[in-house]
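Colleague: Handing you a structure now.
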């Protein structure tokens, strides 16, 4: 068949960060005992009526404005009918023909540094279903309905992505955006942010794409990439062997690294959508939208550009530091302490700090070293109290809770030696002990300067000012 081209569209489900459910006052808190947070409204009991959560509408509007999409002045809730054990009402309240957010877009950065625009078809409000549990029930399944009625914003993309890498970049961009907007905590392990990926392929040169398959409930960036790549290869192999791709819903098995069939894919008419008779059309006023717009934060792309303009950071550093709102805030708090060297702050936040966080699987908000404390440490590098190498030792002690930078430097006697006379005396001793290396250096082996620097730093336990050591050595060795 020749080289194949793939087409990928994502449906992302962002659980909205409301304290109560979309149509009831039941709590959305995570981790409660099974079936303790599902009220009569969530279960669709006779005689109850849903009441729309205004906060969920506000969060949907925030998202729409952020992607430059129209927020509908009038949208309608519909009943999406299907039968599953963890869907207590036998239908899901969602939006179909008239969603709350219309067509928008996001720009993603590709691996080669180029920018690609991905269209967002729509974003609509809906309620989540419950959860089926299949473990520890002696061969039976259990149903936990705590999640039933939790507000979701389903974000549907155009099929503009052509690789798993592009799909992951798009997903990460949405993930960062919903966290910046504070409408979703983005916790993928808890299911707050998950992806359904639609994948289809075509031979290169052919206009029409083939039959698509949907991969449901992918809850990590790594799984999204692996699932899409597997599905692309599966479809290509199937077509090249003379088979046909079946339109179906599939699940990704991370243990086996493969997708497997879940059910045949339904079309809209299979769900028998109709307007929910218990809910009036949602009407949003200009005054409401104006208030929402006034409350929007600085968005990731805007913040990235400001970091490049205000702090003279390159594109890569600015992108890393603005990947999350918490990280960007942390960085700016560090810079406040060393306003004349934002690049030093960037290097430490992206380097030593991020490495320590990753090692212990901590979020930036959980860092034992707070921004002002790191800024204090970097100030000691700037004023030559300690060297960059000693700073790493001080940072480790700060991470272990031994105090702030000044206290640790004083307690461990780590102040940098900047006394020229004291450094010269040590250099003289090193030169006297190494006549052979001195002769070789003077005969043209300039690389031996590193040997002498190392000996001096070793003799001073790393406390000598490296700049002074290099300058004095070059003079002495001549």
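Colleague: Determine if region 315-334 includes at least one residue that is touching a helix residue (DSSP H, G or I) at 6+ places or on another chain (Cβ under 9 Å) and more than 28 Å from residue 66 (Cβ to Cβ).
Modeller: Looking through region 315-334, none of the residues is touching a helix residue (DSSP H, G or I) at 6+ places or on another chain (Cβ under 9 Å) and more than 28 Å from residue 66 (Cβ to Cβ).
Colleague: What are the residues in region 460-477 that are under 18 Å from residue 414 (Cα atoms) and surrounded by 16 or more Cβ atoms within 10 Å (Cβ to Cβ), if any?
Modeller: If the condition is that a residue be under 18 Å from residue 414 (Cα atoms) and surrounded by 16 or more Cβ atoms within 10 Å (Cβ to Cβ), then 460, 462, 463, 464, 465, 468, 469 are the ones that fit.
Colleague: A further question on this structure: Inspect all residues belonging to region 155-169 and state whether any of them is over 23 Å from the mean Cα position of the chain (by Cα), exposed (fewer than 15 other Cβ atoms within 10 Å of the Cβ) and farther than 28 Å from residue 57 by Cβ.
Modeller: no
Colleague: Further question: Please determine whether any residue of region 110-118 is under 23 Å from the mean Cα position of the chain (by Cα), in the same structural domain as residue 10 (by TED's automatic domain parsing) and closer than 30 Å to residue 76 by Cβ.
Modeller: yes
Colleague: Residue check: is residue 244 farther than 29 Å from residue 189 by Cβ, out of contact with any strand residue (DSSP E or B) (no Cβ under 6 Å at 6 or more places or on another chain), without any contact (Cβ under 8 Å) to a residue 60 or more places away in the chain and surrounded by 12 or more Cβ atoms within 10 Å (Cβ to Cβ)?
Modeller: no
Colleague: May I pose another question? Based on what the data block shows, is residue 27 modelled with pLDDT of 95 or more and either touching a helix residue (DSSP H, G or I) at 6+ places or on another chain (Cβ under 6 Å) or farther than 17 Å from residue 177 by Cα (or both)?
Modeller: yes
Colleague: Oh, and also: Going through region 124-171 one residue at a time, which ones are at pLDDT 90 or above, within 30 Å of residue 233 (Cβ to Cβ) and part of a loop (DSSP other than H, G, I, E, B)?
Modeller: Passing the criteria: 158, 159, 160, 162, 163.
Colleague: Let me ask something additional. Name, by its number, the condition in (1) out of contact with any strand residue (DSSP E or B) (no Cβ under 6 Å at 6 or more places or on another chain); (2) at pLDDT 95 or above; (3) under 29 Å from residue 96 (Cβ atoms) that does not hold for residue 226.
Modeller: Here residue 226 meets the rest and fails (3).
Colleague: Checking residue 414 against (1) in a helix (DSSP H, G or I); (2) under 30 Å from residue 337 (Cα atoms); (3) touching a helix residue (DSSP H, G or I) at 6+ places or on another chain (Cβ under 7 Å): exactly one of these is not met. Which one?
Modeller: (1)
Colleague: Is it fair to say residue 266 is over 18 Å from residue 354 (Cα atoms), assigned to a loop (DSSP other than H, G, I, E, B) and at pLDDT 95 or above?
Modeller: Answer is no for this residue.
Colleague: Regarding region 383-391, can at least one residue be identified that is in a helix (DSSP H, G or I), in contact with a helix residue (DSSP H, G or I) (Cβ under 6 Å, 6 or more places away or on another chain), surrounded by 14 or more Cβ atoms within 10 Å (Cβ to Cβ) and outside the structural domain of residue 172 (by TED's automatic domain parsing)?
Modeller: Yes, the conditions are met somewhere in region 383-391.
Colleague: Another question, if that's okay. Looking at region 187-236 only, could you name the residues that are loosely packed, with under 14 Cβ neighbours inside 10 Å and within 15 Å of residue 167 (Cα to Cα)?
Modeller: Once the filter is applied, which keeps residues that are loosely packed, with under 14 Cβ neighbours inside 10 Å and within 15 Å of residue 167 (Cα to Cα), region 187-236 yields only 222.
Colleague: How about region 336-361: which of its residues are modelled with pLDDT under 95 and touching a helix residue (DSSP H, G or I) at 6+ places or on another chain (Cβ under 8 Å)?
Modeller: Across region 336-361, the qualifying residues are 336, 337, 338, 340, 341.
Colleague: Could I ask something else about it? Do we have residue 214 as under 24 Å from residue 106 (Cα atoms) and in a helix (DSSP H, G or I) here?
Modeller: No: the conditions fail for residue 214.
Colleague: Run residue 444 past the list (1) at pLDDT 80 or above; (2) assigned to a loop (DSSP other than H, G, I, E, B) and report the number of the one that doesn't hold.
Modeller: (1)
Colleague: Among the residues of region 120-136, is there at least one that is out of contact with any helix residue (DSSP H, G or I) (no Cβ under 9 Å at 6 or more places or on another chain) and under 23 Å from residue 168 (Cβ atoms)?
Modeller: Yes: region 120-136 contains one or more residues that are out of contact with any helix residue (DSSP H, G or I) (no Cβ under 9 Å at 6 or more places or on another chain) and under 23 Å from residue 168 (Cβ atoms).
The values are calculated or read from the model by the stated rules, or taken from the named source; none is laboratory data. If you're wondering where the values come from, they're calculated on a predicted model, not measured in any experiment. Virtual Cβ from ideal backbone geometry, glycine too; neighbours counted across all protein chains shown.
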